[in-house]
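Below: one structure, written as structure tokens.
The values are calculated or read from the model by the stated rules, or taken from the named source; none is laboratory data. Values in this document were obtained by computation on a predicted structure and should not be read as measured data. A quick note on method: Cβ atoms are made from the backbone with ideal geometry, for glycine too, and the neighbour counts reach across all protein chains shown. Surface areas here come from the heavy atoms of the whole protein model, side chains and all, with no ligands, DNA or RNA. Shrake-Rupley method; radii C 1.70, N 1.55, O 1.52, S 1.80 Å.
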Amino acid sequence: MPAPSASVQDIDRVASELAACLPALHRALERQVVRDSPSPKPPEGQVALLRYVAQRSGATVREAAEALMMKPNNVSAMVSHLTRRGLIERKQDAADKRIAHLYLTATAQRELAEVRRIEEAHIARALHSLTDGEIGALGTVTGALTSLTRHLHSAAL
């Protein structure tokens, strides 16, 4: 991949603005989801684990820990908690009984869908207050943010 042609100052400015904006955006959305959720929202780490298992049904604790950049023992503790709450099922690997594969329960699937619906509704409502140009700019930047996330994730491994 070629080096960007943007100046160091431009890159530093964008990095600073993203570092300030993204956490604030996340917190604002999180508060609205907590306020509007019919059931208590699990802590963010648990939601991240549930979303990972939703995307990769049958994943192992180790795979989830690597993908979420967490310690396996912390993910294992979350899995135990979520299993007790009826949100995750563990199924033993047929070949290696020490390995468990993770699956969402129907309850977890419903709760995740509800959280996503609330998030999307709040974002859509906020987007209605923006100009067409701002909406277009956000639509254009989503791919770049996904790419940035991928680069940050691989750099952390």
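Sorted by accessible area with a 1.4 angstrom probe, largest first, how do Ile135, Ile118 fall?
Heavy-atom accessible area, descending, gives Ile135, Ile118.
Under a 10 Å cutoff between Cα atoms, tell me which one of Ala20, Ala28, Ala126 has the largest fluctuation in the Gaussian network model of the chain.
Looking only at Ala20, Ala28, Ala126, the biggest GNM fluctuation is shown by Ala20.
Can you find, among Ala67, Ile11, Thr140, the residue farthest towards the positive end of the dipole of the chain? Put +1 on the C-beta of Lys and Arg, -1 on that of Asp and Glu.
Farthest along the dipole direction, towards plus: Ala67.
Only sites in a loop by DSSP and with at most 10 other Cβ atoms within 10 Å count here; which trypsin sites (Lys or Arg not before Pro) in region 95-138 make the cut?
Hits after loop and neighbour filter: Lys97, Arg98.
With every protein chain present, what is the per residue accessible area of the chain (1.4 Å probe, Å²)?
I get 68 Å² per residue for the chain.
Cut-off 10 angstrom, C-alpha nodes, Gaussian network model of the chain. Which of Ala100, Ala15, Ala59 fluctuates the most?
The residue with the greatest mean-square fluctuation here is Ala15.
For region 1-109, just say rounded, prolate or oblate: build the C-alpha gyration tensor, square-root its eigenvalues into a ≥ b ≥ c, call rounded for a/c under 1.5, and beyond that prolate if a/b exceeds b/c, oblate if not.
Since a/c reaches 1.5 but b/c is at least a/b, the shape of region 1-109 is classed as oblate.
What percentage of the solvent-accessible surface of the chain, computed with a 1.4 Å probe over protein heavy atoms, is contributed by carbon and sulfur atoms?
The C+S portion of the solvent-accessible surface of the chain is 59 percent.
How large is log10 I(q)/I(0) at q = 0.18, 0.20, 0.24 Å⁻¹ when the Debye formula is applied to the Cα atoms of region 85-155, each weighted equally and without solvent?
-0.92, -0.96, -1.00
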